[in-house]
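Presented below is the structure to which this report refers.
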Amino acid sequence: MSTGKINVQTENIFPIIKKFLYSDNEIFLRELVSNATDATQKLKALTSMGEAKGELGDLKIEVKVDKAAKTITIKDKGIGMTAEEIEKYITQIAFSGAEEFVTKYKDKVDKNVVIGHFGLGFYSAFMVAARVEIFSLSYKEGSKAVRWECDGSPEYTIEENTTKTDRGTEIVLHIAEDSLEFLENSKIEGLLKKYCKFLPVEIVFGTKSEWVPSGEKDEKGNDKENEIQVENIINNPIPAWIKKPIDLKDEDYKAFYRELYPMQFEEPLFHIHLNVDYPFNLTGILYFPKLSNKFEAPKDRIQLYSNQVFVTDNVENIVPDFLTMLRGVIDSPDIPLNVSRSYLQADSNVKKISAHITKKVADKLEEIFKKDRPDFEAKWDDIKIFVQYGMISDDKFYDKASKFALVKNTDAKAFTLEEYEAHVKANQTDKDNKVVYLYATNMDEQHTYIDAAKSRGYDVLLMDSPLDAHLINHLESKLNNTQFVRVDADTVEKLIKKEDAQPSKLSEEEQTALKPIVEGVVAKEKYTVTFESLSETDSPMLITRPEFMRRMKDMQAMGGGGGMNFYGAMPDMYNLVVNANHPLIGKILAEKDSTVQSQLAKQAADLALLSQGLLKGEELTKFIKRSVEMIN
C-alpha cells in the first residue's frame, strides 16, 4: 500500500480562473479592493491588540486609472507583505491568508472582520490583466519592500524594491488588449459603486469639485463660494444596517433607502432591521415598497452582501421568491462569495437564513397589525400582493400570515380570515353545512350579481388581486369546510344551496317549447341554455360561468401548470339562465308572432350578455338600434 498527494498544476489554474471560477470579468475589482480592505482591517485589529506598533495614519484605499500607461492601481495602507509572505500567500494558490489570520487570532478578533475566504481572489486580476505587479512593505519592524511580477504564466519574479517607502500594498494591473474598456474612469467608478459602495474602509477614486464659502461677499451682499477639489470618496463605510436599531431614527432609515435606490421617489411603507449573531451571522434592512395591484418582476431588488462586499442583486432561489418583492440589504458572512447558485441553494446556512428572514418579516407584519390596525388596513392594498404570494408559496409564512392577512368586502370593510368566517357563517352556510364565501373580481362588471346577492342578505368579498385565483384554491385547502364561489358562477338561489327552492311558473313542457327559441338567438357552441325558478324581481335572463372552469382558466392565465393548461386551452363556456318566473319569459312564450317572439328573446338575451360585457361589435350595434326601435 502506498500513499500520495494530488498536485494542482498552475499551468491549468489560470484558464480555470479566467473562464470558470469567475463568470464575470468585472469581479476582479471587487476581489482586489476586498483584499485591500482585509489588509487594512487586519492592521486595525493587530494595532488594537498591541501587536502592531506606530501610528495607523490615513488608511484610505486608493484606486487609480492611468489610461496612457494602460494600468489600474489598487493601493492600501494595511499590513503589507514580506517576500516570504508573498511566496506563501500569492504563489501558493488557494492558501488563504484571511483564513490563516482568523485561525491564529480566533480568540482575539471577530472572524467577520476579514472578508476573504478562498485565497483565489487575487488571481481574478488576470481576467483583465496581461501582467500584474505587487509592491509591498510589511508593517513589521525592519521589513524591506518587495516587488513581485507575473504575466499569467506559472513563472514569476520577486525582488527587493527600493522605491516603496510607505507601509501597505500596491497592485498594478497592466490591462490586456481585450479588456481596455476597464481603463475608462466611468467604468471603474461604476464598478466601485456597484461592488464596494459599503466596504468598511474609505475608498478614494480621483477627485471631485465642491463649493465652499470664501469668506467674501459679492456686490449684492451674498456669500461668495470657491470651487475646490476634494477626494472622491466612493463608499459609505458605516451603512445603516451595521448600526444598532436603537441608534437610528425613521429619517435615517428613509435616507438609507434613498441611498440604495436614488431613482425611487416613493417612500417605503415600513422597514425591518435584521440583526442576528447566532446560529449564523446576519444583518440587514428590508423595506416594504408600495406594490401595485400587479404581479410583476421587481425593478429594484434586494442586494446581497457578505461583510459589506456586494455579491448580487439576484437573490432568487437564495431567499424565498415572495421575499424578492421587498427591497433593501441582506448581509451575511456565512454566504460565500464565489460559489455557484446551485451550491447556494443547497447550503444549510443559506436555508437557515432564508427561513429566519421569512419569520422576521411575518413577525413584523403581525406586530404592525396588532399595534395599529387602522394604519395596517390603510396600507393593506399596497402590500397584499406580497402577503398573498407568501401565503401561497410558503406554509410557515401562511401559518403566521393567516392571523393578519385581510379580506375586504364590496363595502370596503376589512376582516381577518377568522373574523370573516364569524361574519358570514350564520347566513352563508349551505345545506351541506359548508360556509360559502361569495366574491366578485370587478365591482362594475359584476354589479348586477353583487346587488342580487346583497339583496338576499349575503356578503360579497372583493377579490381583484391577480393572485386571488391561486389564493382562493389555497384557502379552500387550508380553511375547514369552506368554499369560494364567484357571484356570477350561478343564479343567486344556487350560489348558496339551501333546502327550499322556489316553484316554477313554467311546466317542463313549456320550458321544452321555449328552449329552442332562446337557443336560436345565441351561439349554441358558447352558451348552454338552462331554466331556473328565480324571483320575479330578478332579471329575465342572466349569464353565469361555471366556477371550476373559470377559476382554472384564471389560474392558467397567471402561470398555472399541469391540468390547468388543458382547461386554459378550452374555449370560454357560459350558461344562459332563463328565469322561469319572470313576467317577460311568460310573455315570450305566449307571443303568437314568431318574429316578435324571437325579437323579445333576443333582447332579453342581449341584456344578459351586456351585463357581463359579452355583447360587442356588430351585435352591440344591432342591440342599440333594436332598443331604439322598441322604445319608439
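Couple of notes before you dig in:
- Filter result for residue 530 (part of a loop (DSSP other than H, G, I, E, B), within 18 Å of residue 493 (Cβ to Cβ) and at pLDDT 80 or above): no
- Among the criteria (1) within 24 Å of residue 183 (Cβ to Cβ); (2) over 42 Å from the mean Cα position of the chain (by Cα), the one residue 141 does not fulfil is (1).
- Residue within segment 217-228 that is small (Gly, Ala, Ser) and surrounded by fewer than 14 Cβ atoms within 10 Å (Cβ to Cβ) present: yes
- Count - residues of segment 149-167 that are under 30 Å from residue 54 (Cα atoms) and in contact with a Ser or Thr (Cβ under 7 Å, 6 or more places away or on another chain): 1
- Residue 174 satisfies every condition listed in (1) in contact (Cβ under 8 Å) with a residue 12 or more places away in the chain; (2) assigned to a strand (DSSP E or B); (3) out of contact with any Ser or Thr (no Cβ under 8 Å at 6 or more places or on another chain) except (3).
- Any hit, segment 430-438, residues being surrounded by 14 or more Cβ atoms within 10 Å (Cβ to Cβ), among the aromatic types (Phe, Trp, Tyr) and assigned to a helix (DSSP H, G or I): no
- Selection count where residues are out of contact with any helix residue (DSSP H, G or I) (no Cβ under 7 Å at 6 or more places or on another chain) and under 23 Å from residue 447 (Cβ atoms), scope segment 584-601: 1
This table checks each residue for (1) in the same structural domain as residue 68 (by TED's automatic domain parsing); (2) not in a strand (DSSP E or B).
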residue	(1), (2)
170	yes, no
187	yes, yes
190	yes, yes
200	yes, yes
216	no, no
226	no, no
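- Among the residues listed as 256, 205, the single one being buried (at least 17 other Cβ atoms within 10 Å of the Cβ) and in a helix (DSSP H, G or I): 256
- Selection status of residue 399, of a type in the set (Asp, Glu), under 18 Å from the mean Cα position of the chain (by Cα) and assigned to a helix (DSSP H, G or I): no
- Residue that is over 29 Å from residue 581 (Cα atoms) and either crowded, with 18+ Cβ neighbours inside 10 Å or without any contact (Cβ under 8 Å) to a residue 12 or more places away in the chain (or both), where the choices are 451, 459, 488, 468: 468
- Output for segment 229-244, where each listed residue is exposed (fewer than 14 other Cβ atoms within 10 Å of the Cβ) and farther than 25 Å from residue 190 by Cβ: 244
- For segment 356-374, the criterion of being in contact (Cβ under 8 Å) with a residue 60 or more places away in the chain, touching a strand residue (DSSP E or B) at 6+ places or on another chain (Cβ under 9 Å) and over 20 Å from residue 291 (Cβ atoms) is met by at least one residue.
- Residues satisfying the stated conditions in segment 514-527, i.e. buried (at least 16 other Cβ atoms within 10 Å of the Cβ) and not in a loop (DSSP other than H, G, I, E, B): 514, 517, 518, 519, 527
- Just one residue in the set 190, 168 is more than 37 Å from the chain's Cα centre (by Cα) and farther than 17 Å from residue 126 by Cα; that residue is 168.
- Any hit, segment 549-570, residues being among the acidic types (Asp, Glu), crowded, with 19+ Cβ neighbours inside 10 Å and either modelled with pLDDT of 90 or more or in a helix (DSSP H, G or I) (or both): yes
- Whichever residue in segment 292-326 is basic (Lys, Arg) and closer than 22 Å to residue 191 by Cβ and, among such residues, is modelled with the highest pLDDT: 301
- Restricting attention to segment 599-626, the residues being surrounded by fewer than 17 Cβ atoms within 10 Å (Cβ to Cβ), assigned to a helix (DSSP H, G or I) and among the small types (Gly, Ala, Ser) number 1.
The values are calculated or read from the model by the stated rules, or taken from the named source; none is laboratory data. Everything numeric in this text was worked out from a predicted model, so none of it was measured. Positions of Cβ are backbone-derived with ideal geometry, glycine not excepted, and every protein chain shown enters the neighbour counts.
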